[in-house]
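**Q** Pasting a structure below so you can have a look.
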Amino acid sequence: MSLRAYHAKRTFSATSEPRGRQGRKSAPKKGSRFVIQKHAARRLHYDLRLELDGVMKSWAVTRGPSLVPGEKRLAVRVEDHPVEYNTFEGTIPPGQYGGGTVLIWDRGTWTPQGDPHKALAEGHLDFVLDGAKLHGDWHLVRMRGRPGEKRENWLLIKSRDDAARGERDPDILEDAPNSVATGRSLDEIAHAKRGRVWQSNRAKNSGKALKPAGVAKPKAARRSARRTAVRKAAK
């Protein structure tokens, strides 16, 4: 329950990610927040974050969640994130940790089944999601670590319930790929960021969009063009 690792990995003068602050530890309750962010970094993945003890407990789900019961999706435990990260959607600059485009793929509330602190310690967390896209019962199960392995690998698994889908049903990741916050795609978010890069303060202050400049003409060419225009006007 600390944001030290989160802060140590980021340079906040270079990234627009929220610095955030540690919230108070409180008893888990129904209606705690969750978010899943689609993250096009070095490799595309989906970041699952569950609010607990004033931070967002976080896992990088390498292939994204599956609605097919029993289908196991690798979920790598990563550093706790601030609660303010729930609203982050945009681009992390190249060279920064996790550089790439982030999209709010799903969000809502989650409810642990039993004591989540004990469940996380024991490596088996059962919970219910009530989001815009994901619903029903889910499991996070920690895998047995290998000697010398630094990362903590878990599996994200959907339970068999009314919110589940069959193997022949549409994949939720392809069926609903865009942001639940803005409706944008990853490409639209990345393009919007690039579009802001070349705008100057002058354009912002004038309220007019600044168009990319053309190639400047040499002085001699400009003088020749003016002389030609004068001759044509005299005819």
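**Q** Could you name the aspartates and glutamates in cross-link range of Lys57, using Cα to Cα under 16 Å and dropping any fewer than eight places away on the same chain?
**A** Within the straight-line limit of under 16 Å, Lys57 reaches these aspartates and glutamates: Asp47, Glu79, Asp80, Glu84, Asp106, Asp115, Glu122, Asp126, Glu152.
**Q** Still on this structure, I have one more. Among the listed pairs Lys38/Lys133; Lys38/Lys72; Lys9/Lys118, which have their C-alpha atoms separated by more than 23 angstrom in this model?
**A** Values: Lys38/Lys133 13 Å; Lys38/Lys72 18 Å; Lys9/Lys118 28 Å.
Pairs exceeding the cut-off: Lys9/Lys118.
**Q** Over the range 28-82, what is the relative contact order in whole percent, taking alpha-carbon pairs under 8 Å and six or more residues apart? Before the final figure, lay out the partial values.
**A** Numbers: 97 pairs, mean separation 15.1, N = 55.
Result for the range 28-82 is 27 percent.
**Q** While we're here: In whole Hz, with x marking every Gly and Pro, tabulate ³J(HN,Hα) for the range 94-99 from phi via Karplus 6.51 cos²θ - 1.76 cosθ + 1.60, θ = phi - 60°.
**A** Working through the residues one at a time gives x, x, 8, 4, x, x Hz.
**Q** Rounded if a/c is under 1.5, else prolate if a/b beats b/c, else oblate: with a ≥ b ≥ c from the C-alpha gyration tensor eigenvalues square-rooted, which is the range 1-102?
**A** Taking the square roots of the gyration eigenvalues as a ≥ b ≥ c, the range 1-102 is oblate.
**Q** Sort the range 24-157 into rounded, prolate or oblate with this rule: let a ≥ b ≥ c be the square roots of the eigenvalues of the Cα gyration tensor; rounded if a/c is under 1.5, and if a/c is not under 1.5, prolate when a/b is larger than b/c, oblate otherwise.
**A** Values: a/c = 1.39, a/b = 1.17, b/c = 1.19.
Rounded, since a/c falls under 1.5.
**Q** Whenever you get a sec, line up Thr111, Thr87 from highest to lowest accessible area (probe 1.4 Å, protein heavy atoms). Before the final figure, lay out each step's value.
**A** Working: Thr111 35, Thr87 105 Å².
Result of the area sort, largest leading: Thr87, Thr111.
The values are calculated or read from the model by the stated rules, or taken from the named source; none is laboratory data. As the structure is a prediction and not an experimental result, all values here were calculated from the model. Areas reflect the complete protein model, heavy atoms only, side chains present, ligands, DNA and RNA absent. Shrake-Rupley method; radii C 1.70, N 1.55, O 1.52, S 1.80 Å.
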